[in-house]
């Protein structure tokens, strides 16, 4: 009986979530059509291959709807993911890190209310450039293809600055377990969600 009630509640919540996503997505559809059709390079294939509703579901699973959340996009590109987060979770603090100055200017045009840092992920002093933001919930999003060594350096910088973080990443980096306290939260076909401290 309890299992049936939980299943019904789960379906209702999925239905409400789908309505919320669909209504917001339809309102901003031209924004995502423009991003999807933009020719930015190979690094954006995985995020672009996932429908925006799937990304929104991932972000909700990570607690992006909570107040005082800092969302960090490591390799922000042209701001596709930051724009998506900005629309659906407008109270979220947005931080984009991108090494290409031309792409940084695109993000500045596309995403208002974001903090952008032009830096390479291999910069060992990156944590000095990170802004002081009081946040109870820090989420790092990494979907651009880059060596695991750069991911480790970046995550070390972020943990050093903000403490424990939730990470959305495309693969299972075994190297992280020897460096951080590692807690796998969810494993799916296209991504992992894990916590580091």
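The values are calculated or read from the model by the stated rules, or taken from the named source; none is laboratory data. The structure displayed is predicted, hence computed values, not measured ones. Cβ sites come from the backbone with ideal geometry, for glycine too, and all protein chains shown count toward neighbours.
Being at pLDDT 80 or above and under 22 Å from residue 116 (Cβ atoms) is not true of residue 35.
Considering the stretch 133-163, the residues that are surrounded by fewer than 21 Cβ atoms within 10 Å (Cβ to Cβ), under 13 Å from residue 72 (Cα atoms) and modelled with pLDDT of 85 or more include one that is nearest to the chain's Cα centre (by Cα), namely 137.
Within the stretch 107-118, residues that are surrounded by 18 or more Cβ atoms within 10 Å (Cβ to Cβ) have Cβ atoms under 6 Å from residues that are in a strand (DSSP E or B) in these pairs: 107/96; 107/116; 114/94; 114/96; 116/96, counting only partners at least 6 apart in sequence or on another chain. Of the strands (runs of 3 or more DSSP E) contained entirely in the stretch 144-197, those carrying at least 3 residues that are touching a residue at least 24 places away in the same chain (Cβ under 8 Å) and closer than 15 Å to residue 61 by Cβ fall at 165-169, 192-196. Every condition in (1) buried (at least 22 other Cβ atoms within 10 Å of the Cβ); (2) modelled with pLDDT under 80; (3) closer than 22 Å to residue 194 by Cβ is met by residue 97 except one, and the failing one is (2).
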